[in-house]
Amino acid sequence: MKYIKAYWQNTFNYRDATSRKDYWLQVLFNTIVWLVAFVILTFVIGILLGLVGGDVTDDTVTGAAMATIGILGLVNLFPGISLTDRRVRDAAGNPWLTFLYFVPVVGPFIVFIFTLLPSSNKK
């Protein structure tokens, strides 16, 4: 569970590297937490919006889901960017390659490939 602690402690650490194992364990953990939190928060926010608005409709549930995605996205924005940057640094040696993520269509795919590569040992 050291990777979970490291995820939050290294929120603004863009200098070190992250191993492939630590990266993917954190991604798996975050995915599970996101799914559980999404279901719970959507349910809770949907009920609260229903209590305020009177009736729980599809629009209420959609609004709750959008609010949940926004909350979870903001909480994990900087730690996620930092983790990916450290992983790309470990695999490719150049952290600037993380910015390829912003190239439409192919960019995220290229960064994904970098996260799959073994360590480059160019430290």
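The values are calculated or read from the model by the stated rules, or taken from the named source; none is laboratory data. It should be emphasised that the depicted structure is a prediction, and the values quoted were computed from it without experimental measurement. Positions of Cβ are backbone-derived with ideal geometry, glycine not excepted, and every protein chain shown enters the neighbour counts.
The set of residues in region 83-123 being loosely packed, with under 14 Cβ neighbours inside 10 Å and aromatic (Phe, Trp, Tyr) consists of TRP96, PHE99, PHE102, PHE109, PHE112. Scanning region 1-33 for residues that are modelled with pLDDT under 85 and of a type in the set (Ser, Thr, Tyr) yields one hit, TYR3. Hey, can you tell me all the residues within region 97-109 that are over 15 Å from the mean Cα position of the chain (by Cα) and either outside any helix (DSSP H, G or I) or within 20 Å of SER19 (Cβ to Cβ) (or both)? Answer for region 97-109, where residues must be over 15 Å from the mean Cα position of the chain (by Cα) and either outside any helix (DSSP H, G or I) or within 20 Å of SER19 (Cβ to Cβ) (or both): LEU97, VAL103, PRO104, VAL105, VAL106. Within region 4-19, the only residue that satisfies the criterion of being in a helix (DSSP H, G or I) and small (Gly, Ala, Ser) is ALA6.
Within region 58-82, the set of residues being surrounded by 14 or more Cβ atoms within 10 Å (Cβ to Cβ) and of a type in the set (A, V, I, L, M, F, W, C) comprises VAL61, ALA64, ALA65, ALA67, ILE69, ILE71, LEU72, ILE81.
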